[in-house]
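Take a look at the structure below.
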Amino acid sequence: MKGPSLTTPKRPSPTHSGKTSPTTNSGYGIGQEGIHCDEQSPLRPVSLYGRLKVDAEQRILDGGSGITFRLATAFGISPRMRLDLLVNDFTWRAVEDRFIVLFEAHHKRNFIHVRDIARVFLHGITHYENMNGEPFNVGLDDANLSKLELCEAIRREVPQFVWSEAAVGEDPDKRNYIVSNEKIGRAGFKPEVSLEQGIAELVRGFPILRRGMFSND
């Protein structure tokens, strides 16, 4: 499979002094089964992180000048990558351990590659006047996946990978929702790196990394 281009996007020349701010789609918390969360959906964060992000977004938008990006869970190789994010973590475990135990395996999340996160900020700067004052979900349309579906995608790159669903216990992270990214598409942005490309990139890149280099500590 041909990997995504690593070419650095051309820097736009901003003509404004507004804000483009990362928030999170974690604010949706626990969604309704089969219903995509869009920017009009109620925000029901289930963690302090989510509540603070929701509050910060509201303050920015109430200020009258700013764009907020409700980012999906990030993945992918980067100069300062985290290994505690779901796709990165599960792929690392597939490469290193060949095994993982899943808690609440059918909980779903949306995902986006780190290079597409960088690209959406450049897009927001370039198209600021048209996007100002609005929140935008940013994720892959075809990557509203459960933990189980994510493991199946990883096994296509690491065939020896197996998993077990825990019969008892629960994941302290209760997020479970699917997301619509149509609004950012209407604003002219389209992600370039698929989940499959990102997983393949991680599998190739992990041999040069050490576990524990970076986390959210």
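What to note about this one:
- Here residue 114 meets each of (1) within 22 Å of residue 147 (Cα to Cα); (2) at pLDDT below 95 with one exception, condition (2).
So that you can scan it fast, the table gives a plain yes or no per residue for (1) of a type outside the set (D, E, K, R); (2) crowded, with 19+ Cβ neighbours inside 10 Å; (3) under 30 Å from residue 41 (Cα atoms):
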{"position": "166", "(1), (2), (3)": "yes, no, no"}
{"position": "180", "(1), (2), (3)": "yes, yes, yes"}
{"position": "196", "(1), (2), (3)": "no, no, yes"}
{"position": "208", "(1), (2), (3)": "yes, no, no"}
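- Looking only at residues in the stretch 124-150 that are in a strand (DSSP E or B) and among the hydrophobic types (A, V, I, L, M, F, W, C), the one that is nearest to residue 198 (Cα to Cα) is 145.
- Any hit, the stretch 76-92, residues being at positive phi and modelled with pLDDT of 95 or more: yes
- Residue 159 being surrounded by fewer than 18 Cβ atoms within 10 Å (Cβ to Cβ) and closer than 23 Å to residue 194 by Cα: yes
- Of note, residue 146 does not satisfy the criterion of being surrounded by fewer than 19 Cβ atoms within 10 Å (Cβ to Cβ), among the polar types (S, T, N, Q), closer than 24 Å to residue 80 by Cα and at pLDDT 95 or above.
The values are calculated or read from the model by the stated rules, or taken from the named source; none is laboratory data. Remember, it's a predicted structure, so these values are computed and weren't measured experimentally. Cβ atoms come from the backbone with ideal geometry, glycine included; neighbour counts cover every protein chain shown.
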